Amino acid sequence: MKRNQVAHIDEVVGLMTGKVSDRDKVIHDSWRRCINQHGLDPIASRVAYILPQERLTEHREAMEEFLRTARFGLETLYRQVSCLDYVMLLTDAKGVTVDFMGDPTFSDNLRGAGLYLGADWHEPLAGTCAVGTCIATGEPLVVHQSDHFDASHISLTCTSAPIFDSYGDLAAVLDISALHSPEPKVSQHLALQLVQSFAHKIENANLLNRFRSDWILKLSNAQEFADIDPDFILAVDNNGCIIGLNNRTRQLLAREATLVGRASTRVIGEPLSTFFDCDVTSLPQFARFRPTDQRMMRLLASGTALFAQAMPPPAATPARPSPAAEVNLPPPLREMFCDDPIMSGAMKRAAKLVGTQMSILIQGETGTGKEHLAKALHAASPRAGKPFVAVNCAALPESLIESELFGYEAGSFTGAASKGKKGLVLEADGGTLFLDEIGDMPLASQTRLLRVLAEREVTPIGKVKPLPVNVRVVAATHRDLVELVKAKSFREDLYFRLNGAVLTLPPLRQRADVRWLIGRLLARRAKEDGAVYRLTEAALAALCAHSWPGNVRELVNCLDYASAVCSEHVIDVEDLPDIILRAQGAPRRADAGAAESDIGPETLKGLREALREHHWNVSAVARVLGVDRSTVHRRMRRFGLVPPQKRDP
């Protein structure tokens, strides 16, 4: 054990025996809890505990909507502190790290220190630490170096701030930490201000997202910031009761309740008029279009004046729309399906993500349309006019992945192009980068990609200074990435960076809209060929009964083949690929031909007479003979019967 660790243990033990220490009171109180309540031994060194994959997934899924709302703020914070070697952690209310951003170069060191995704930092397990002690106290704080209870953590500096939900309960903890830092604790003062600021912003974003359909009241002490960066935000229902608020508002109104001697400082559910000199009927007078100096309200107990902005709920909606209108999806997503409940659920979820910056992972069997969905997401998003760059990670040779993805400077290696190469990531700047078959990307390239996603910048080969890049990443795979993570063939931190949201496409055999999809694909084929194709009922039934192991891609290939071999643009069973016929137990083409090999002269004579009588109208002849049109065409080809208008002069 190192000398400084021994000295730290002596100090912790000394505090319990009455020795004086100049530590902050919050640190002393935490040390005492660790020994008296949590039963921790200051001599024992605890290895950082990282949750198993399955349990971590449960914690993340429980916070899925919150993570989606918070992601932009988290990424912005990390960009501001990463250059100072901080990592960013977001934990849930139990202290489990559900989001993490850090330099992948130091992954092993960060994981060993517990500064990693899945790390459990609640105080009864980890002792005094920024996250755990923040949860215990509900207050922002810095736990700097030897402030930590566990001697193995005294090289770390950690700064945390709580994030409360709209009802005043702890929802998460935002933390920035570093493996090494200057010795004076005051060096972390700005870090504390920064973390508190972003915790407040995330809290506000979550509140506004949660109460989109209610009155939102924004309040500020400063007239100049009333509309830009309000201190206090609360949500009010149509009855004038407070139904949600940020933590600063909760603290403010709790103080007001204390001033008038209320027995309870409860705020949620109380009328707005309990605390302010107005009620819900007065809120329209605080609308944004009025000058700020005319939008002032007062707190009843203290008389404090606040500048206000009231945002009304959306206009009342008409009667419940029809199911078709209720979907309300952007056209690119709506065109992905028709009356299929599984696809409807996936597309509704996708619609909520199109305007966000978070990464999306699309899962599904080969051929289910993952790239098609990625293009639809791009087309429905604000990036629609920007580049959509698709990268097949399985098709790129390992030796070329980095140069293809990240580009290179002229002359940076033997064989490099004389003008260098921009790289696919930079090609996608401003738009969407689609990483297909991401599960097949080599580990070395995964590390480089992780840095791009975390820091939003890319360094081409041969270049020293990184270039900023603004891309929305959509990845796709047919492989089980969780199993690849367990097998150590896919980086865990990259997996969680990619799956900000997961969309799963069902296999074609599970979809209820196969008939619609067939019609849509035939219409597309008709547009390309300038001809209208029709399926016989027998052919349609055969297609609908097939299991489609190759999914939509196999269906496309099947219809392309049938369109090419059919007669007069009518697709019958005999025009389908052999694999469809075998699956349905239909005779193969060779057998079908043999079945007609015994057609005699009488049949040939009857066919000729029917054709002449009906002026070579194949449809009419088929009805007379009681056979399909394709059968008439096949017999005509076999006997060399050609309509007069098509014979050579």
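The values are calculated or read from the model by the stated rules, or taken from the named source; none is laboratory data. Predicted model, so just to flag it, every value in this text is computed and none were measured. So basically every Cβ, Gly included, is an ideal-geometry build from the backbone, and we count neighbours across all protein chains shown.
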Would you call THR477 touching a residue at least 40 places away in the same chain (Cβ under 8 Å), touching a helix residue (DSSP H, G or I) at 6+ places or on another chain (Cβ under 6 Å) and farther than 22 Å from ARG629 by Cβ? yes
Positions within region 7-24 being loosely packed, with under 12 Cβ neighbours inside 10 Å and either touching a helix residue (DSSP H, G or I) at 6+ places or on another chain (Cβ under 7 Å) or not charged (D, E, K, R) (or both), in sequence order: THR17, GLY18, VAL20
Scanning region 458-492 for residues that are within 18 Å of the chain's Cα centre (by Cα) and of a type in the set (S, T, N, Q), the one surrounded by the fewest Cβ atoms within 10 Å (Cβ to Cβ) turns out to be ASN470
All conditions in (1) at pLDDT 90 or above; (2) under 18 Å from the mean Cα position of the chain (by Cα) are true of GLY500 except (1)
Looking at region 554-568, which of the residues that are modelled with pLDDT of 85 or more and among the acidic types (Asp, Glu) is surrounded by the most Cβ atoms within 10 Å (Cβ to Cβ)? GLU554
Looking at ALA263, is it more than 20 Å from ASP165 (Cα to Cα), hydrophobic (A, V, I, L, M, F, W, C) and part of a helix (DSSP H, G or I)? no
In region 275-284, what residues are of a type outside the set (Phe, Trp, Tyr), outside any loop (DSSP other than H, G, I, E, B) and touching a residue at least 24 places away in the same chain (Cβ under 8 Å)? VAL280, THR281, LEU283, PRO284
ALA119 in contact with a strand residue (DSSP E or B) (Cβ under 7 Å, 6 or more places away or on another chain), aliphatic (A, V, I, L, M) and more than 26 Å from ARG248 (Cβ to Cβ): yes
Among the numbered conditions (1) in contact with a Pro (Cβ under 9 Å, 6 or more places away or on another chain); (2) outside any helix (DSSP H, G or I); (3) in the same structural domain as GLY102 (by TED's automatic domain parsing), tell me where LYS218 comes up short. (3)
Could you pull out the residue among SER30, SER45 that is in the same structural domain as GLY112 (by TED's automatic domain parsing), surrounded by 12 or more Cβ atoms within 10 Å (Cβ to Cβ) and closer than 21 Å to LEU141 by Cα? SER30
Of all residues being among the hydrophobic types (A, V, I, L, M, F, W, C) and buried (at least 16 other Cβ atoms within 10 Å of the Cβ) in region 179-204, which is farthest from VAL236 (Cα to Cα)? Just the residue, please. LEU179
Just to check your reading of the model, which residue among SER30, SER21 is hydroxyl-bearing (Ser, Thr, Tyr) and free of Cβ contacts under 8 Å to residues at least 60 places away in the same chain? SER21
I need the full set of residues from region 190-220 which are touching a residue at least 40 places away in the same chain (Cβ under 8 Å), over 18 Å from ASP231 (Cα atoms) and over 27 Å from the mean Cα position of the chain (by Cα), in order please. ALA191
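Look at region 521-540 and say how many of its residues are surrounded by 13 or more Cβ atoms within 10 Å (Cβ to Cβ) and either farther than 25 Å from ARG334 by Cα or touching a residue at least 12 places away in the same chain (Cβ under 8 Å) (or both).
Of the residues in region 521-540, 10 are surrounded by 13 or more Cβ atoms within 10 Å (Cβ to Cβ) and either farther than 25 Å from ARG334 by Cα or touching a residue at least 12 places away in the same chain (Cβ under 8 Å) (or both).
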Could you list, in sequence order, the residues of region 233-275 that are within 21 Å of ALA171 (Cα to Cα) and of a type in the set (S, T, N, Q)? ASN246, ASN247, THR249, GLN251, THR265
Helices (runs of 4 or more DSSP H) fully within region 88-193 counting 2 or more residues that are in contact with a helix residue (DSSP H, G or I) (Cβ under 7 Å, 6 or more places away or on another chain) and not assigned by TED's automatic domain parsing to the domain that holds GLY269: 123-126, 130-137
Does PHE289 satisfy being out of contact with any Gly (no Cβ under 8 Å at 6 or more places or on another chain) and assigned to a strand (DSSP E or B)? no
I'm trying to understand the selection: among the residues of region 249-262, which are within 34 Å of the chain's Cα centre (by Cα) and crowded, with 18+ Cβ neighbours inside 10 Å? THR249, ARG250
